[in-house]
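Read the figures in this text as sums done on the coordinates, not as results from a lab. Note that this is a predicted model, so its numbers are computed, not measured. All Cβ positions, even for glycine, are placed from backbone atoms using ideal geometry, and neighbour counts span all protein chains on display.
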Amino acid sequence: MADKRKFIGRKFGAIHRSRELAVQFLYSQDVCPSRDVSDSLELFLTLDDVAQDDKPEVKARCRELVRQVRERMDEIDAVLLRVVTGWRPERMVSVDRTILRLMVLEGFLMKSLPVKSAISEARTLAGDFGTDNSARFVNGVMHKAARYFGSESESVEEGEGVNGGS
């Protein structure tokens, strides 16, 4: 039983790490877009101080997340427009927008993880990479998205700060 828990912990750690890398890369593209995203991503994933030592499956998942977010950006931003009152996605803090795009994609459009997990992961990423207000703002937006999609998200504390910026 202990071996199974250790394996599950490593698996979820690798998934979280792929999300961290995806957020970092997508953020860099948001702030300073490059013409050749594929080449930029491969360079990013081989940098000594970023992802050089990450496992191939982490990098492969990161590539897929980046591809999916970029391909479905209009669809994701349309969701954000519907759930965030008074703030167009381009007016949000860039890192918050990046995290929301990724987690709206995974939690609501792809449905690749439970809503509660998507909200929790979004809040964690915002706490790690965002401003002092990011975790609360992102948490609130994710809860509004859950209501928009008709998802149950009780037992996850809902934050404030969805109206207006972070």
### Summary
Residues T85, T98, T124 in order from fewest to most other beta-carbon atoms within 10 Å are T85, T124, T98
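Determine the gain in length on full extension of the stretch T131-L47; use 0.36 nm per residue of separation and subtract their C-alpha separation, reporting nm with one decimal.
So the extension gain works out to 27.7 nm.
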### Message
At 7 Å along Cα-to-Cβ for each site, give me the label-to-label distance between E75 and S117 in nm.
### Response
2.0 nm
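Work out, in µm²/s and without decimals, the Stokes-Einstein translational diffusion coefficient of the range 12-118 at 25 °C, 0.890 mPa s, Rh from Kirkwood over C-alpha pairs.
On the way: Rh = 14.2 Å.
In µm²/s, the coefficient rounds to 172.
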### Query
Which order do E42, E121 fall in if you start with the one that has the fewest other Cβ atoms within 10 Å?
E42, E121
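At a 10 Å Cβ-Cβ cut-off, how would you order M110, M92, fewest neighbours first? Let's see the in-between values first.
Numbers: M110 13, M92 22.
Ranking M110, M92 by Cβ neighbours within 10 Å, fewest first, gives M110, M92.
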